1. Residues that are more than 23 Å from LEU3 (Cα to Cα), open to solvent by less than 50 Å² (accessible area, probe 1.4 Å) and free of Cβ contacts under 8 Å to residues at least 60 places away in the same chain: find the helices (runs of 4 or more DSSP H) completely inside region 37-109 holding 2 or more of those.
2. Show the residue pairs meeting these rules: Cβ distance below 8 Å; 6+ apart or different chains; first residue within region 1-30 and open to solvent by 80 Å² or more (accessible area, probe 1.4 Å); second residue acidic (Asp, Glu).
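The values are calculated or read from the model by the stated rules, or taken from the named source; none is laboratory data. The model shown is predicted, which means the values in this text are computed figures rather than measured ones. Quick reminder, even Gly has a Cβ in these numbers, built from the backbone with ideal geometry, and neighbours come from all protein chains shown. SASA here: full protein model, heavy atoms, side chains in, ligands and nucleic acids out. Shrake-Rupley method; radii C 1.70, N 1.55, O 1.52, S 1.80 Å.
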Amino acid sequence: MHLVTTAVLPIVLILALGAVLRRRVVTDAGFWRGMEWLSYHVFTPALFVESIARTPLREVSPVPLLLSLSIPVLAVSVLLVALRRPLRAEGPQLTSLVQGSIRINTYIGLVLGVSPEMWTPVPMRQWPA
């Protein structure tokens with residue numbers, strides 16, 4: 001639960017703040033196009049590089065890390081390829097759909113794979129009822 005409150009909740013709150021700012025404060029579409037570019041090409045990669053650089057990778061077991069990276073990517077890829085006809089996605093459309101769908105799973109899998117909370121056994125008495 002601590003992982004959710006420290007990792008997921010701040011992201012949701014930032015997204016909500018951005019939605020409010022876009023609708024009420026900064027309504028210029030050009031500003032938001034520039035902010036999206038800056039966020040996607042500069043801030044997000046910098047965040048991942050900084051997070052990975054701070055992670056003591058010698059202390060992380062490679063098996064959980066590899067599993068947390070590969071299982072979500074493979075599952076989403078297989079699902080999208082299986083659903084390509086109902087989704088009416090072939091060729092370039094399908095590859096764009098697959099790439100866009102698995103990219104965020106890789107980031108989330110990397111965060112979960114190096115999180116000590118994910119792989120540290122928790123005694124039953126600490127679990128919420």
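1. Working: elements: 44-54, 62-82, 84-87.
Counting at least 2 such residues, we get 62-82.
2. Close Cβ pairs satisfying both conditions: HIS2/GLU117.
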